[in-house]
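Accompanying notes for the structure given below.
Laboratory data are not the source of any read-out in this text; all were calculated from the coordinates shown. Everything numeric here is computed off the predicted structure, so don't read it as measured data. Cβ: placed from backbone, ideal geometry, glycine included. Neighbour counts: every protein chain shown.
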Amino acid sequence: MGIGRRIYSLVFCLCCVPSFGFASERPITIFAAASLQNAITELAQNYADETGIKVHVSVAGTSTLARQIQHGAPADIFISANKSWVDHLLNRKLLNPNSVSVIAKNSMVLVSRTGVDSDVSVLEGRWDSNSLIVTAMIGSVPAGIYAKEALEHYGLWETLQNQVVQTDNVRSALRLVELGQVDFGLVYLSDAVASKDVQIVERLPASSHSSIEYHVALVGTETHGDVKNLFDIILSNTFSEILHENGFVLPQN
């Protein structure tokens, strides 16, 4: 059974649960970490095709999305690339605390443009003083936070901090490597496998940085039926398969 068909089956069952107070045509808005762009867009399109309900997907750095929610941006579902920004919103009573769940894990990799030879190694603490490395903002965006932790773990941060280029999200960092504007990038494995224009130079072990977990939560305390239906699909095996196909690791693995 195809993914679209499975979504249809799930929607049919879930729609048996009554919803009150909202029209079924109300669009659903998902705020998702940039690294989830391919996976969440695929799910949203499948859901819209099967139900006729519009799903708006906004992808950006987790910190940007969290701040937008904090300032009143209309989101129904939030998917974060770390727990800290979920806690930030929970402390402000902007998320449903009973809805928070881990849906995926990831890992960090060092990438270069496809076909480029290199003799650098984060794992061995070996780096070219002329080579730039790009990652997301190290002070706020999860991918950048993990990248800095890894560089510190291998004793490279003090040496490389002036060679680190920072972007507003991890997909922007990946793009700079794809275009050849930066020599190397520290990005998620899922980003690397999504691109034909980069190659993996090294995979960084999980012990070199904090655990990379994606948390999903409902925004606000009142949720209409269509949002709950889609949220349940995000928690289901249907979305787990999409995540796995896009290079993510499932929580139970």
**Message:** Suppose we keep just the DSSP beta bridges with both residues in the chain; what percent of those would be antiparallel, to 5?
**Reply:** 60
**Message:** Filter LYS54/LYS228; LYS54/LYS93; LYS196/LYS228 down to the pairs with a C-alpha to C-alpha distance above 24 Å, please.
**Reply:** LYS54/LYS93; LYS196/LYS228
**Prompt:** For GLU222, what charge total do you get from the other residues with a beta carbon under 12 Å from its beta carbon, if Lys and Arg give +1 and Asp and Glu give -1?
**Reply:** 0
**Request:** Kindly provide the helix-only [θ] at 222 nm of the chain, computed as the sum of -39,500 (n - 2.57) over DSSP H runs of four or more divided by all residues, to the nearest 500 deg cm²/dmol?
**Result:** -10500 deg cm²/dmol
**Request:** For LYS105, list the aspartates and glutamates whose Cα falls under 12 Å from its own Cα; do not include residues on the same chain fewer than 8 positions away.
**Result:** GLU213
**Request:** Give the order of TRP127, TRP157 when sorted by the count of other beta carbons within 10 angstrom, beginning with the fewest.
**Result:** TRP157, TRP127
**Complete:** Rounded to the nearest 5, the percent of DSSP beta bridges in the range 108-208 running antiparallel is 65
**Request:** Kindly rank 201-208, 243-250, 182-189 from highest to lowest mean number of other beta carbons found within 10 Å of each residue.
**Result:** 182-189, 243-250, 201-208
**Reciprocal mean inverse distance between Cα atoms of the chain - Kirkwood radius, Å** = 18.9
**Prompt:** Which percent of the Cα-Cα distances in the range 108-208 go past 23 Å?
**Reply:** 11
